[in-house]
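Peer 1: Sharing a structure here in structure tokens format.
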Amino acid sequence: MSISELRQKIDAIDNQILGLLSDRAKLAQEIGLGKTRTAGQFFAPDREVQIFERLLANNPGPFSGDAIKAIFREIISASRALEASMRIAYLGPEGTFSHRAARDKFGNSAEFIPVQTISDVFAKVERGDAEYGVVPVENSTEGIVPLTLDLFAQGKARICAEVYVQVSHNLATKSDDITSVKRLYAHPQASAQCRSWLRDNLQRIELIETTSNARSAQLAAEDIESACITTDIAAEIHGLTVVAAHIEDSAHNRTRFLVIGENQPQPSGRDKTSIYFSVQHRAGALMRAMAALDAHDINLTLIESRPTKQLPWEYVFFLDFNGHIKEDRVRKALKHLEEQSMFVTVLGSYPEAH
């Protein structure tokens, strides 16, 4: 076939796709009406897992699995927007890894609300100013985010999903000559994660700490004699050129984010449950509590302690483990744990991200 004939076939297929997308959108609108009548939630993480798993299993190629997920994430996002407005609070400004996590989970058809602190994300959701919030909880190299755990213990927000974001740092600038750059704007954690690259390439440069990768990009955009460590999203937003990509020392650095809201997702077949609890301050109390979980073959994926901030040397313990609250073994394990604890609070059961 000639190029012209091939393009005509592509046009015909595009028209078929458009018609099928319209049919899908109408069905989503019908489901949305049903949700309105039953006060259901419009974001269903368990359902999305099922959709992606089915599509990937049936994918004939040549598109990769990641490409298929990206395409259908936007289809689902646009369909949700037809059902209801979706406001998502995240730690801003635009271009942060939190912003990327929010877009990765909800697609570009949601309304994203940047706020100044993690506390503000919780407040937006708890006041009803946003349907969902996205907060960082741990990094594979830097560890836990203590404030996030503290806010779960203090508030009423619950977890309904999680998402992992690959941490990739870039050197970006507006300067035409990188050798003339005199200042480097960077968040302390970003510069720490790029220590080896900076030592080898930018030894004699003034390092100025910032509050976020996005703020670094904003400052570099206003200073022609500077560069910054930032995300590709922030570089694009602020009109910077990425002159060196992937300058992080570890290629396996990821940050885990939690989606907070009011959803209670149904079991997806591959779930995680988050709880926090406290035990009496006496010998062996924590060991007996943990033994209650072990007795029911509960596999822990995270354990952290945080001070209660009410009495000195009193702590609450945060756990993540595989399984869903509706599974019989999980229910029995939590009942057993309650017998050994002062209290147990379930923060949510939700599909496990990969």
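Peer 1: Quick one: is PRO136 out of contact with any Phe, Trp or Tyr (no Cβ under 8 Å at 6 or more places or on another chain), of a type outside the set (Asp, Glu) and within 19 Å of THR301 (Cβ to Cβ)?
Peer 2: no
Peer 1: If you go through the range 129-156 one residue at a time, how many are among the β-branched types (Val, Ile, Thr) and either surrounded by fewer than 18 Cβ atoms within 10 Å (Cβ to Cβ) or over 16 Å from the mean Cα position of the chain (by Cα) (or both)?
Peer 2: Going through the range 129-156 one residue at a time, the tally reaches 2.
Peer 1: Oh, and also: So which residues in the range 157-177 are surrounded by fewer than 19 Cβ atoms within 10 Å (Cβ to Cβ) and either among the acidic types (Asp, Glu) or at positive phi (or both)?
Peer 2: ASP176, ASP177
Peer 1: Please work out if ARG331 is modelled with pLDDT of 95 or more and assigned to a helix (DSSP H, G or I).
Peer 2: yes
Peer 1: Additional query: When you look at ILE233, is it of a type in the set (A, V, I, L, M) and in a loop (DSSP other than H, G, I, E, B), yes or no?
Peer 2: Here the answer is no, as ILE233 does not meet what is asked.
Peer 1: Kindly list the number of the only condition in (1) over 25 Å from GLN218 (Cα atoms); (2) surrounded by fewer than 22 Cβ atoms within 10 Å (Cβ to Cβ); (3) modelled with pLDDT of 95 or more that fails for GLU126.
Peer 2: Just one mismatch for GLU126, condition (3).
Peer 1: How do the pairs read when you match residues in the range 247-270 that are in a loop (DSSP other than H, G, I, E, B) with residues anywhere that are surrounded by 15 or more Cβ atoms within 10 Å (Cβ to Cβ) and aromatic (Phe, Trp, Tyr), using Cβ under 6 Å and keeping only pairs 6 or more apart or on different chains?
Peer 2: From the range 247-270, the pairs are ILE247/TRP197; PRO265/TYR350.
Peer 1: Counting only residues that are hydrophobic (A, V, I, L, M, F, W, C) and in a loop (DSSP other than H, G, I, E, B), which one in the range 334-354 is surrounded by the fewest Cβ atoms within 10 Å (Cβ to Cβ)?
Peer 2: Filtering the range 334-354 for residues that are hydrophobic (A, V, I, L, M, F, W, C) and in a loop (DSSP other than H, G, I, E, B), the one surrounded by the fewest Cβ atoms within 10 Å (Cβ to Cβ) comes out as MET342.
Peer 1: Also: Among the residues of the range 237-271, which ones are surrounded by fewer than 15 Cβ atoms within 10 Å (Cβ to Cβ) and small (Gly, Ala, Ser)?
Peer 2: GLY239, ALA245, SER250, ALA251, GLY269
The values are calculated or read from the model by the stated rules, or taken from the named source; none is laboratory data. Note that the structure is predicted; figures quoted are calculated from it, not measured. Cβ: placed from backbone, ideal geometry, glycine included. Neighbour counts: every protein chain shown.
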